[in-house]
1. Helix 214-228: angle to the longest alpha-carbon principal axis of the chain, degrees 0 to 90, nearest 10?
2. How long are the semi-axes of the ellipsoid equivalent to the stretch 28-180, from square roots of 5 times the Cα gyration tensor eigenvalues, in whole Å, largest first?
3. List the residues, sorted by chain then number, that are 5 or more residues from M67 or on another chain and whose placed amide H is less than 5 Å from its amide H.
4. Cut-off 10 angstrom, C-alpha nodes, Gaussian network model of the chain. Which of K220, K170, K127 fluctuates the most?
5. Go through K110/K220; K100/K127; K146/K220; K167/K306; K167/K307 and tell me which ones have a Cα-Cα distance over 23 Å in this structure.
6. Can you tell which of A202, V223, A343 lies farthest toward the positive end of the dipole of the chain, using +1 and -1 charges on the Cβ of basic and acidic side chains (Lys, Arg; Asp, Glu)?
7. Below 8 Å between Cα atoms, with a sequence gap of 6+, how large is the relative contact order for the chain in percent?
8. What dipole magnitude, in Debye to the nearest 20, does the chain give about its Cα centre under +1 on Lys/Arg Cβ and -1 on Asp/Glu Cβ?
Amino acid sequence: MGDTRFLFEDILENKLTVSPVDKEAVSKVQKEWDKIAKPINSFGSFEHYHSKISAIQGGDAPDLSHMRLIVCCGDHGIVEEGVSQTTQDVTRICATNIGKGITTAGVMAKSLGIDIVSVDVGINYSKEVPYTLNRRVKYGTCNFLKSPAMSVEEFSRAVQVGMDLVKESKEQGFNTLLIGEMGIGNTTSAAVMAGYLLDLNAEAVTGRGAGIDDAGFSRKRAVVSMALSMYNGLSPVEICSYFGGLELAAMTGLVIGGGLYGVPIILDGMLSMVSALVAERLIENVKDYLIPSHISKEPVAQKLIKKLDISPVIDGKMAVGEGAGAVMMAHMLKMTDIVFHQALKFADSEVEQYENFEESKKSE
């Protein structure tokens, strides 16, 4: 692809396509897994995702030594409605600490040698946020009960931020990306987006997010219900512009960029799944480049998983955000890779090579 920079406007005009991941390339690595002296397919999903990353990267085995966690940050005007237990100031504070690498996901990433970047896509702050990459499109979104969260042009710019971050990261030598987010009020926006995308009501999509009391939860569900009654027949771009978040749009761009630039994207929880679903609605086959991590405790998570046809491996009822689940998945993939390279092979053991009966059935 050389120096090609893909533009979101070309996606809107149906000028770009993403090819599915090469199944033969995945199968080639899987056959190497079959040579390891253990029951065939006994590492389950880990074997599949390990092989898939290799196929996306275009190698004989995945390179998991050059990973980057990108945490997209933005504020939401809907916090005016009392849907969160904290104010918007917390977004800026957390973005700074994420950039320092001292938050939950940060200390986890550092322990694994994973680079971490905090990106300001839409923090409501008059100055530059310390320790963050400034890609600010707007000073937070508007209260979507009063006016659209952002314009289509602002949404498009935020998606482009994510797409460009994939290109830049790949040029810098990072070949696997983890995504996360930070934005007070963003689970409310994501719930509304999920409601429109999946045709679900407020009860089915609204969770407690970072944690609110019963009164706050009632307000939040009422806000989501009002938002879901405002329109009919919205396009994905309209849904995101009317109700979305700038950091959610940037994550959509990261997912799209993964498909266009050939970089595996490790998802986090519900918020990244909503962004991924938008990406798949905008350009087909990008979900082929996704590596799921965990099942969020948010109520709509299972519906998103089914719609995206992905299979997360961690079910810990987590709701940390900032990519913590993605980092946990990265750790397990690194352990899986150690087995792939160092574990005893059938050829070096006294056990006869096992046959892969599942593959045999597929070829019949």
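Coordinate-derived values only; no laboratory data. For clarity, every value in this text was computed on a predicted model and none was experimentally measured. Please note: Cβ atoms are built from the backbone with ideal geometry, for glycine as well, and neighbour counts cover all protein chains shown.
1. Around 90 degrees separate the two axes.
2. On the way: eigenvalues 273, 56, 51 Å².
That gives 37, 17, 16 Å for the three semi-axes.
3. The list, which skips near neighbours in sequence, is D115.
4. Taking springs between Cα atoms under 10 Å, the residue moving most is K127.
5. K110/K220; K167/K306; K167/K307
6. Highest projection toward the positive end goes to V223.
7. Rounded, it is 22 percent for the chain.
8. Working: 35 positive and 46 negative charges, 143 e Å.
That gives the chain a dipole magnitude of about 680 debye.
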